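The values are calculated or read from the model by the stated rules, or taken from the named source; none is laboratory data. Every value quoted in this text rests on a predicted model; they were computed, and no experiment measured them. Every residue, glycine as well, gets a Cβ built from its backbone with ideal geometry; the counts of neighbours run over all protein chains shown. Ligands, DNA and RNA are excluded from the accessible area calculation, which covers all protein heavy atoms including side chains. Shrake-Rupley method; radii C 1.70, N 1.55, O 1.52, S 1.80 Å.
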Amino acid sequence: MRPSTSNSPPTSSSATPPAPPRAHGRREGPLVTLTNQNDLSAANQQLSGVHCDTLHIQLEMSASAASRYGIKVRRSPAGEEETLLSYNKNDKTFCVDRTRSGAISSLFADLGVQCGPVALADDVLTLDLFLDKSMVEAYAGDHKSITTRVYPARADSIGLALFADGTVTVKSLKVWAMKSAFTD
């Protein structure tokens, strides 16, 4: 899915998305690497040191007792601004929630939540996510993609956090700083 140049919300597509772009702009090794982490608090403690608006994130989460789980990006320290990318295993949808993406993210006061159907094997969410300043591009399980723009008003909205409404396992997480496609 690719939004038009207008401020319209992203749309869903049932077609297979293109392969994610190669990460040629990665800087040196990963900023964070996690494997088989069951404690989201400990995982988020490691993510608390990541403060960057150009990132490549690879995430694999499985849910044992959670119905909604994912990652918060372009997040301010206390979560006043954040954009959520999540999977809802009850209705089998992949969603982007831009209700708190920032006061200057659109001409519209509430950008809302946009979702599309995605059936995941064993409810394992696999995300390949690219953040480049205002651009958020996420590929979910090689099935769907969401591309959207966010414009946080706060300069400190450059953090990350994982979330779930129950028990999950972070099977793997890697976060790299990237070079922006928009600047040198």
If the range 73-184 were replaced by its equivalent ellipsoid, with semi-axes equal to the square roots of 5 times the Cα gyration tensor eigenvalues, what would those be, largest first, whole Å? 23, 17, 14
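Quick one: pull the percent of accessible area on the range 48-97 belonging to carbon and sulfur, 1.4 Å probe, ligands and nucleic acids left out.
Ligands and nucleic acids excluded, carbon and sulfur give 43 percent.
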What list of ³J(HN,Hα) couplings, whole Hz, do you get for the range 163-169 from phi and the Karplus terms 6.51, -1.76, 1.60, once you set θ to phi - 60° and write x for glycine and proline? 8, 6, 9, x, 7, 9, 10
Rg/Rh (Cα only; Kirkwood hydrodynamic radius) as it applies to the range 46-139: 0.96
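Sum up the charges of everything whose Cβ sits under 10 Å from the Cβ of Ser67, counting Lys and Arg as +1 and Asp and Glu as -1, but leave Ser67 out.
Numbers: positive: Arg68, Lys89; negative: Asp91, Asp123, Asp165.
Taking every other residue near Ser67 into account, the sum is -1.
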List the pairs from Lys92/Lys174; Lys89/Lys133; Lys89/Lys179; Lys92/Lys179 whose alpha-carbon separation is above 27 Å, in the order I gave them. Lys89/Lys133; Lys89/Lys179; Lys92/Lys179
In Å, what is the Rg of the alpha-carbon atoms in the range 136-184, and how long is Dmax? 14.1, 42
So what is the accessible area of the range 52-180 per residue, in Å², with the probe set to 1.4 Å? 38
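Report the far tail of the P(r) of the range 31-75, meaning the percent of Cα-Cα pairs longer than 15 Å.
Value for the range 31-75: 48 percent of Cα pairs lie more than 15 Å apart.
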With θ taken as phi - 60° and the coefficients 6.51, -1.76 and 1.60, list the Karplus ³J(HN,Hα) couplings across the range 59-74 in order, rounded to whole Hz; mark glycine and proline as x. 10, 10, 10, 10, 10, 9, 10, 10, 9, 9, 7, x, 9, 9, 10, 6
Taking K and R as +1 and D and E as -1, what net charge do the other residues with C-beta under 11 Å from the C-beta of Leu47 add up to? +2
